[in-house]
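Q: Submitted below is the structure of interest, expressed as structure tokens.
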């Protein structure tokens, strides 16, 4: 089981990977999906129009490049939607959980000893 140094308002778990860490922000993403579902139930056509416009801007942005007008428009449209749905898309971490997260991240990326062939079970 992965450590969960942040328990609220959104849980964040940390898993060590060979090249760093993987942050599990499923709890936050669930809140985003629920906010999208609620927005769709309130005004589905408007939400769909916004999402289609973002998809079109994204296609243009990929074609035109990272510093194109389409990229900036897409980023602004996505940020506007995030502002409306989930307080801008930031994950708040409060109090002692900030230190717990930092400690968990430090432990996850700390060098680990490599077992010798004999310790790993080779004969």
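Rule-based calculations on the coordinates, nothing more; no lab input. Owing to the predicted nature of the structure, the values given are computational and were not obtained by experimental measurement. Note that we place each Cβ from the backbone using ideal geometry, even for glycine, and neighbour counts take in every protein chain shown.
Q: Which residue fluctuates the most in the chain, going by a Gaussian network model with Cα springs under 10 Å, if the choices are 80, 41, 19?
A: 19
Q: Now for a different question. Can you give me the angle between helix 96-109 and the longest principal axis of the chain, using Cα atoms only, in degrees from 0 to 90, rounded to the nearest 10?
A: The two axes meet at around 60 degrees.
Q: Per the Kirkwood treatment, what hydrodynamic radius in Å, one decimal, follows for region 1-64 from the mean inverse distance over all distinct Cα pairs?
A: 14.5 Å
Q: Can you tell me the relative contact order of the chain? Whole percent, Cα pairs under 8 Å, sequence separation 6 or more.
A: 28 percent
Q: Right, next: Listing 11, 112 from the residue with the fewest other Cβ atoms within 10 Å to the one with the most, what is the order?
A: Ordered by Cβ neighbours within 10 Å, fewest first: 112, 11.
Q: Between rounded, prolate and oblate, where does region 69-111 land on the alpha carbon gyration tensor, with a ≥ b ≥ c its root eigenvalues, rounded for a/c under 1.5, else prolate if a/b exceeds b/c?
A: In terms of gyration-tensor shape, oblate.
Q: Pick the calculated Kirkwood radius over Cα pairs in Å for this structure from [x] 17.8; [y] 15.3; [z] 14.2?
A: [x]
Q: Compute the whole-percent fraction of alpha carbon pairs in region 41-90 spaced more than 12 Å apart.
A: 64 percent
Q: What is the spin-label model distance, in nm, from residue 40 to residue 59 if the labels are put 7 Å beyond Cα along the C-beta direction?
A: Each label point lies 7 Å from its Cα, and together they span 2.0 nm.
Q: For the chain, set up a GNM with springs between Cα atoms under 10 Å and report which of 71, 17, 104 has the largest fluctuation.
A: The residue that fluctuates most here is 17.
Q: A further question on this structure: Using the number of other C-beta atoms within 10 angstrom as an exposure proxy, rank 74, 106, 59 with the fewest first. Don't skip to the answer; put the middle values down first.
A: Details: 74 21, 106 9, 59 12.
Final ranking by Cβ density, sparse to dense: 106, 59, 74.
Q: Would you look at the GNM of the chain, springs on alpha carbons closer than 10 Å, and say which of 89, 44, 65 moves the most?
A: The residue with the greatest mean-square fluctuation here is 65.
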